[in-house]
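Report on one structure; see the data block that follows.
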Amino acid sequence: MSNKLSDFDYNLPQNLIAQQPTSPRDSARLLVLNKKNNKISHHKFFEIDKFLNKGDIIVLNNTKVIPARLYGKKETGGKVEILLLNQIPVGKIHEFRLHKKIFWSCLTKPGLKPNTKIIFNKQVNAKVISREKEKTTLEFNLTNKQFNQFLKKSGNVPLPPYITPRQSKKTKKQYQTIFAKYDGSVAAPTAGLHFTKRLIKKLKDKGIKFEYITLHVGLGTFQPVKEKNILKHKIHSEYAEISKTTAKNLNQAKKNGHRIIACGTTVVRTLETATTDEKTIKQLNKKTSIYITPGYKFKFVDAMITNFHLPKSTLLMLISAFSSLPQIKQAYQIAIKNKYKFYSFGDAMFIK
């Protein structure tokens, strides 16, 4: 078991970073890792039914990616890039409680000083209220309704920096799961991108069940780890929700001996946050900052679907905790050798 950041590093050829998803989505490649016997096999994602049993539950994250990237200018003319993270309830900003405008926590490029004005167009601007470390609080001169209209018209899909194609309507659709329902994420729960309506029907016909949770992906998921000792890293909180009905269905399935299969690290973190000491799921409606690293004892998740993650990321640490760091390192080297595609639009793993 390692706490050294350098142990979660690996070299990836640039040409293996996926720039667009496989079409159709479920034809992506699937590396299956059996963590009990360390066996690895290669398949297509639509063949995942071979590894599932009647009564198994696949848990999906139904969050929806918002067009969270905005471009504006300072009054001096300098360009500003903004990544919206989460809206701040006005009551949390004490001196602005009676204010009718809206506030967002953001990342900005470049960093901005308080009172800096950002102009988006003749009608829309924002002012820097405060800056704490990497996060900036912006006040927009809009109501909620006006802001949502502005975002829909002017916001860009917050694609990761390693994906270079230009924005298009097609890109916006590609970077969204087919079951996305609730607005709130600034990055897609990418393991879910591989599912198609056809595949979900096929799995349901086999007796596989589906349940949905919500975790709005924010800074906590994709913020890089910089501490040499990974245990010193502090993960930002993200809003997570599990309904009473979903909790009941998951607990019943577990009681009946069926597997709980988490689709993606966001689902793993949500389920493990909601698990009690009695290893049952409770209803959830709060922020989570759970940080899973090797040595963590999983309480509820039996298997997981995931993508191939960035070096030194909290996501790589989580799957290394679920399997083992040596197993994941070996699997990643095999994937590289076999020219799997990596990261958000890349291929998938099933760890069982």
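For this structure, a couple of remarks:
- Quick note on region 69-154: its Rg to Rh ratio, both from C-alpha atoms and Rh being the Kirkwood radius, is 0.93.
- Over region 158-300, the reciprocal of the mean inverse Cα-Cα separation, the Kirkwood hydrodynamic radius, stands at 16.9 Å.
- Helix 244-255 vs. the chain, principal-axis angle (Cα, 0 to 90°, nearest 10): 20
- Cα-based equivalent ellipsoid, region 248-309: semi-axes from gyration tensor eigenvalues, Å: 18, 15, 11
- Gly184 long-range amide H proximity, modeled H, under 5 Å: Lys64, Ile66
- DSSP-defined antiparallel bridges as percent of all bridges, the chain, nearest 5: 70
- Per-q log10 I(q)/I(0), region 183-222, q = 0.19, 0.31 Å⁻¹ (Debye; single scatterer per alpha-carbon; no solvent): -0.68, -1.08
- Relative to the dominant Cα principal axis of the chain, helix 325-337 is inclined by about 90°.
- For region 161-215, the pair-distance distribution built from all alpha carbon pairs, in bins 5 Å wide starting at 0, is 4, 14, 24, 24, 16, 10, 6, 2, 0 percent.
- Set Lys145/Lys170; Lys109/Lys232; Lys234/Lys287 screened for pairs whose C-alpha atoms are more than 22 Å apart: Lys145/Lys170; Lys109/Lys232
- Distance from the alpha carbon centroid of region 60-77 to that of region 167-223 works out to 19 angstrom.
- Across Lys204/Lys339; Lys173/Lys201; Lys255/Lys282, pairs whose alpha-carbon gap is larger than 23 Å: Lys204/Lys339
- Relative contact order, percent, the chain [alpha-carbon distance under 8 Å, six or more residues apart]: 25
- Stokes-Einstein diffusion of the chain at 4 °C, 1.567 mPa s viscosity, Kirkwood radius from Cα pairs, rounded to a whole number: 61 µm²/s.
- By the rule of a C-alpha distance below 19 Å, with chain neighbours fewer than 8 residues away ignored, the lysines paired with Lys36 are Lys50, Lys297, Lys299, Lys329, Lys352.
Each reported figure results from applying straightforward, stated rules to the coordinates on display, with no laboratory input. The structure presented is a predicted model; accordingly, all values stated were derived computationally and were not measured.
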